[in-house]
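Notes follow the structure.
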Amino acid sequence: MNLYAHLPQLPKPSVKHTLLSGATPIFAEGCYLLHFQTKKGNAVFDGTLRFDHEGNAQLASADLYKRTTAPNIGNGIPVFPRKSYSNYWRIVEIVPTETGMVLNFESYIFRKAKGGSWEVGGVFSAIVQRQNAPQGFAPTADYAVGDVVDATQKVVGRLSMGWISPFFRQAIIEIDTVKGAEAPLSTNNGKDWKTVFNDCNWAIKTIVSGQDTPEVSGHSWSNAELHAALHAHREQTNLDTEWRFHIMAVKNLDATERGIMYDVGATDSNKISREGIGIATHWQIPSTPEWGSVQGLRSGEAKDVLFRTAVHEIRHALGLQHNFRDNGFMNATNTIAASATADLPFPKNIKWSFAEADKRRLRHFPDVYVRPGGTAFGAAMNKLSTTGIFDEAQKPTEGVALLIEPVLGSVPLGAPVRVELALFNTSLHDQLLPADISLKSGFLRGTVTDAFGEERSFSSLIICMDAEELTALKSGEKRLSSLTLLRGAQGALFPNAGSYDISVDIHWHDKDTEGFVTATTQVNIQAPQTIEAAKVVQKLLITPDLLLTLVFGGDYARSGISALKHALAQPTLRAHFAFLEARRLTQKKKNRVANLKKAAQLMAENPVMSLSEKAKARQFFTT
């Protein structure tokens, strides 16, 4: 299963062409400022083109934005407003000529209103000729101008491209720490943010902006508290003028041991995705042999472990999925430790780079997928394989089965839909399968399709590196989980009454194999029966922060808590939200104590719950 099947294919190295007699060598590697004006309508686009050398072959890709203001060449690699993003160009062939080159490319149009999906824009060729660089560019910079023609050789516009940087992209990483927590800045062998990003042709600036961020309630930080700290302590920034990622280094995390990319989707309180990560410096590394020279240490004392964790989570923020094919950054730390040997113990067996495929992704993925505030992690699920844009879906893995069914076949509009999952090993031998098939892992994603065929996607709101592990499932055994579905990347998953199909995909891969399994079920959404109920439903559907309250609990998302209170006051909805409020009440937070008595009263009302929620409810009153 291609984990990036929702994106246009990346460019592949062009076939090496013999230069024509007297031809100038191929253009320099790096980032080019791109300017394109259409012949029809005189629409103007600016963007960047990345020209990449791989040995004797070349790759190139480009991103175009509708012009708002002309970019300032003197500022280096330009940053364009996110809302102006328009096209991705996958350059499939680069042909040198005596005076320039021909770029044959496929154009893909980004449809944000359709969930961030891609549509074919056409096949084109840019026939460019070298010229002297105009004022503003370096005098010796490669510069070219030429016509763009369509498949019928009709001129559709005019293009110019000028070299501006040896790097393809640039970003800022800002780090805040609580008192007593170390900032992840480097390794024991001298690797730092600059060196690991140089490997992918990114220019990185690191800022340690604060080392005394106040601690929050309790002994560790929730995902909601991490997100609140981002807004409270990050330096003033504008993601339309710079790419900036935030790291919050704290002592402990609620959701995981080492690190988390908590800001996966644009469903949080500021509606901006992939801005920040959290890492824990007081995780106690197990005192077992596989952890080598760092066993028993606190993670903040083990520079290699702390820095590797931070890079791993930042790369999730850049859109990368887990990659178990080597001991590089996108593998999980415990998996790398488990593969250590006497000759190459942990942490010496860490590979301080990325898989070649991941390097290419960071160089040539569309901007909207790698920049902070772009698409949600794993969004744009539409697979238009019939058009040739996306890779064909892999056939489901033999010997593995997925069953899915709703807790209730009919659910009132505005209420969450609960779904039970069962992953079966139907083969005659043990298999390595995802240890966690919930929305807290990156193994699962899905879609909800209404009766009119409109598709909405959902995936995890957080990416937890510890959750994405493969463990043995014995022959004939099953692995259970539950989903509580309410909102996704396109808003409410069930915005109207009617019948909906829910499709779930689980995909995984290790060093040797890849796997994929899918299942579908159906649920009916009932319309409200009174005007009062309809008003409450409307409030629930238009409150994005309700999802934060359901996922994280706590008191952080005020509008989400307000919507939850309205749902509890509505008789047809109360049972569907009672457990979620009970869970929130059992959480001890900074400004209040846990209210177990009120939580118990809600649980006595026979609320609607999934199997996973029932297990959590038992823990409320036994711990």
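Being within 18 Å of Asp46 (Cβ to Cβ) and either in contact with a Gly (Cβ under 9 Å, 6 or more places away or on another chain) or open to solvent by 20 Å² or more (accessible area, probe 1.4 Å) (or both) is a property that holds for Ile73.
Take the conditions within 18 Å of the chain's Cα centre (by Cα), of a type in the set (A, V, I, L, M, F, W, C) and surrounded by fewer than 24 Cβ atoms within 10 Å (Cβ to Cβ) and apply them to Ile272. Does it pass?
Judged against the criteria, Ile272 is a match.
If you check Thr206 against the conditions, is it in contact with an Asp or Glu (Cβ under 9 Å, 6 or more places away or on another chain), under 21 Å from Asp263 (Cβ atoms), among the hydroxyl-bearing types (Ser, Thr, Tyr) and open to solvent by 50 Å² or more (accessible area, probe 1.4 Å)? When the stated conditions are applied, Thr206 passes them.
Residues in the range 186-233 that are within 14 Å of Ala171 (Cβ to Cβ) and not in a helix (DSSP H, G or I): Cys200, Asn201, Trp202, Ala203, Ile204, Lys205, Thr206, Ile207.
In summary, strands (runs of 3 or more DSSP E) completely within the range 466-513 and bearing 3 or more residues that are open to solvent by 40 Å² or more (accessible area, probe 1.4 Å) and either at pLDDT 90 or above or among the basic types (Lys, Arg) (or both) occur at 478-485. Restricting attention to the range 126-151, the residues being modelled with pLDDT of 95 or more and hydroxyl-bearing (Ser, Thr, Tyr) number 1. Once the range 359-407 is narrowed to residues that are at pLDDT below 90 and among the acidic types (Asp, Glu), the residue that is least open to solvent (accessible area, probe 1.4 Å) is Asp391. Test Ala183 against the stated conditions and say whether it is aliphatic (A, V, I, L, M) and not in a strand (DSSP E or B). Considered against the rule, which asks whether it is aliphatic (A, V, I, L, M) and not in a strand (DSSP E or B), Ala183 comes out as yes. Residue count for the range 94-143 satisfying the condition of being touching a residue at least 24 places away in the same chain (Cβ under 8 Å), under 35 Å from the mean Cα position of the chain (by Cα), in a strand (DSSP E or B) and at negative phi: 18.
In this entry, Phe346 is excluded by the filter for residues that are under 25 Å from Ala472 (Cα atoms) and open to solvent by 10 Å² or more (accessible area, probe 1.4 Å). Restricting attention to the range 144-161 and to residues that are touching a residue at least 24 places away in the same chain (Cβ under 8 Å) and in contact with a Lys or Arg (Cβ under 8 Å, 6 or more places away or on another chain), the residue that is surrounded by the fewest Cβ atoms within 10 Å (Cβ to Cβ) turns out to be Val155. Taking the range 399-453 and the strands (runs of 3 or more DSSP E) fully enclosed by it, the elements with 3 or more residues that are more than 25 Å from Asp263 (Cα to Cα) are at 400-406, 410-412, 417-425, 431-434.
For the range 529-550, the criterion of being part of a loop (DSSP other than H, G, I, E, B), over 28 Å from Ala224 (Cβ atoms), open to solvent by 10 Å² or more (accessible area, probe 1.4 Å) and at pLDDT 80 or above is satisfied by at least one residue.
Looking at Gln211, Gln284, Gln236 in this structure, which one is without any contact (Cβ under 8 Å) to a residue 12 or more places away in the chain and not acidic (Asp, Glu)?
When all the criteria are applied, what remains is Gln236.
Looking only at residues of the range 60-93 that are within 20 Å of Trp163 (Cα to Cα) and among the aromatic types (Phe, Trp, Tyr), we find that the one that is nearest to the chain's Cα centre (by Cα) is Tyr88. Taken together, the residues in the range 118-143 that are of a type outside the set (Gly, Ala, Ser) and surrounded by fewer than 17 Cβ atoms within 10 Å (Cβ to Cβ) amount to 10. For the range 87-113, the set of residues classified as surrounded by fewer than 19 Cβ atoms within 10 Å (Cβ to Cβ), within 16 Å of Phe36 (Cβ to Cβ) and either out of contact with any Ser or Thr (no Cβ under 6 Å at 6 or more places or on another chain) or aliphatic (A, V, I, L, M) (or both) consists of Val102, Ile109, listed by residue number. Taking the range 501-529 as the range and being under 21 Å from Met609 (Cβ atoms) and touching a Leu at 6+ places or on another chain (Cβ under 8 Å) as the test, the residues that pass are Ile502, Val504, Val523, Ile525, Gln526.
The values are calculated or read from the model by the stated rules, or taken from the named source; none is laboratory data. The structure displayed is predicted, hence computed values, not measured ones. Don't worry about glycine lacking a Cβ; one is built from the backbone with ideal geometry, like all the others, and counts go over all protein chains shown. Heads up: the accessible areas ignore ligands, DNA and RNA and are worked out on the full protein's heavy atoms, side chains in. Shrake-Rupley method; radii C 1.70, N 1.55, O 1.52, S 1.80 Å.
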